[in-house]
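Shown next, in structure tokens, is the structure this report addresses.
The values are calculated or read from the model by the stated rules, or taken from the named source; none is laboratory data. Keep in mind that this is a model prediction, so the values were computed, not measured. Every residue, glycine as well, gets a Cβ built from its backbone with ideal geometry; the counts of neighbours run over all protein chains shown.
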Amino acid sequence: MESPRSDEGVIILGPNTIESAIQQELHSLDLSSFQELTPSLSTYLIDLFLPYRSQYNVLVDISYFKDRLSLPSSHPNSIHPCFLNACYLGACTTKGGVLTAFEPFFLQRTRHFLQQSLMFVDRSTHFLWASLILGVFFAKERRLVECMATVGATARFALACGLIRHQPSVKSTDHSYLDGYILPPPKDKAEAEERIRLAHVVYVGCQALPPLCGFAPAFTNEDRQSLILGGVSLGYDDEKVPTTAEELWRFDLHIKLAILATFERVRIFAHSVTASGYHGHEEEYTALEIDINAQLSSSLALFDNNGLQPQEASNTFNPRIVLAHAALYGSGLILHSVRADDDANSKRKMFECVRALIEICDNGRKNKRHHVGLMNSASPNLH
């Protein structure tokens with residue numbers, strides 16, 4: 001079959017053809033070297049990663065990020081290879097399929113370039129973004145010891161470089177208390193706002209993730225009383241940096257971590273019931289059901305553009321919110337399946353969760369809004 005052509009006679013490559021060509025390029029990589037990826041391969045992987053960046057808590061401004069992607073690697077404002085390769089790793093993990101085979105390759109590259117960044121004190125904020133992605137990657141793979149080691153090191157480095165720092169004992173108008181920190185003041189407001197996002201993500205993530213895995217938080221209670229996040233006061237005392245980014249990380253981290261905690265509690269509950277039977281677990285079952293219903297009632301509609309940047313507003317479900325809905329309905333499915341064989345109401349609720357998950361998968365575009373039942377608005381309780 002002849003390939004389709006434009007009016008000018010140029011062959012038009014469809015999505016499958018482009019993806020096939022990219023995969024061939026991936027398979028031709030020299031896996032033993034640390035050479036740069038071609039622009040086409042880099043762009044492909046970054047475009048795969050960005051829509052799902054909230055899974056890795058990467059709250060960057062896309063325009064600001066992509067502007068720096070076009071800079072040569074030798075430029076001081078370009079994206080450091082550690083950050084780029086961490087994004088490539090996240091793309092492979094999120095996309096799955098044939099890309100999964102390249103996770104070890106990009107993991108090795110990420111670690112290599114993290115060492116380079118640390119050794120030469122080069123673009124330390126990119127070191128932190130890459131470390132955050134790496135920590136989430138280990139969590140997804142259930143490599144919890146490596147996850148906690150990465151999270152702990154990230155928190156310590158954020159303090160050491162001055163992104164997160166202790167209040168000075170004496171107020172200084174000339175910021176001399178910053179002497180000794182390796183992170184220089186931000187060059188402009190865009191960089192300052194990025195640092196605020198990064199600082200909050202590091203702080204909240206390093207506080208919330210370890211307890212979910214059975215470890216102590218990275219920051220102490222004393223730290224919480226004295227920390228400055230993101231260097232807001234570095235030259236911007238008279239003109240406060242906009243707080244839009246602050247709202248984004250609140251949604252991404254606090255809500256997502258609450259949902260993750262619920263999912264883990266349900267999973268542990270189901271394991272306990274399977275081992276010892278339902279008797280004696282009635283109150284815990286009811287408490288978990290109330291928790292799931294409360295979070296479903298307050299969750300945003302799948303079509304809500306919350307947190308999306310202008311160039312991302314499209315006809316598809318919001319990836320940030322899909323993950324939350326899927327996790328909550330997945331929690332409900334696991335919870336109610338425990339009693340489904342013995343209780344007709346639990347069986348009905350279990351199938352309601354199944355139906356909701358199917359609708360999430362089958363109705364991925366706003367122009368199909370009229371087909372969506374449970375998903376038209378904030379999700380209902382499963383009473």
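Each residue in the stretch 164-213 was checked for being of a type outside the set (S, T, N, Q), modelled with pLDDT of 60 or more and part of a helix (DSSP H, G or I), and 23 pass. Among the residues of the stretch 68-123, the ones that are over 25 Å from Ala158 (Cβ atoms) and acidic (Asp, Glu) come to 1 in all. Looking across the stretch 135-163, the residues that are basic (Lys, Arg) and either modelled with pLDDT under 85 or outside the structural domain of Gly90 (by TED's automatic domain parsing) (or both) come down to Lys140, Arg142. Here the stretch 30-49 is the region considered, the condition is being crowded, with 18+ Cβ neighbours inside 10 Å and in contact (Cβ under 8 Å) with a residue 40 or more places away in the chain, and the residue that is nearest to Val202 (Cα to Cα) is Phe49. Ser124 falls short of the stated requirement of being of a type in the set (S, T, N, Q), crowded, with 18+ Cβ neighbours inside 10 Å and over 20 Å from the mean Cα position of the chain (by Cα). Mind checking whether some residue in the stretch 72-80 is without any contact (Cβ under 8 Å) to a residue 60 or more places away in the chain and in a helix (DSSP H, G or I)? No, because not a single residue in the stretch 72-80 is without any contact (Cβ under 8 Å) to a residue 60 or more places away in the chain and in a helix (DSSP H, G or I).
Residue-wise test of (1) within 23 Å of the chain's Cα centre (by Cα); (2) at pLDDT below 75.
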site: Ser276; (1), (2): no, no
site: Gln295; (1), (2): yes, no
site: Asn305; (1), (2): yes, yes
site: Phe317; (1), (2): yes, yes
site: Ala326; (1), (2): yes, no
site: Gly330; (1), (2): yes, no
site: Asp362; (1), (2): no, yes
site: Arg365; (1), (2): yes, yes
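Against the condition part of a helix (DSSP H, G or I), modelled with pLDDT under 85 and not polar (S, T, N, Q), how does Glu19 come out, does it pass? Judged against the criteria, Glu19 is a match.
Given the criteria free of Cβ contacts under 8 Å to residues at least 40 places away in the same chain and surrounded by fewer than 22 Cβ atoms within 10 Å (Cβ to Cβ), does Asp67 qualify? So Asp67 fits the description; yes.
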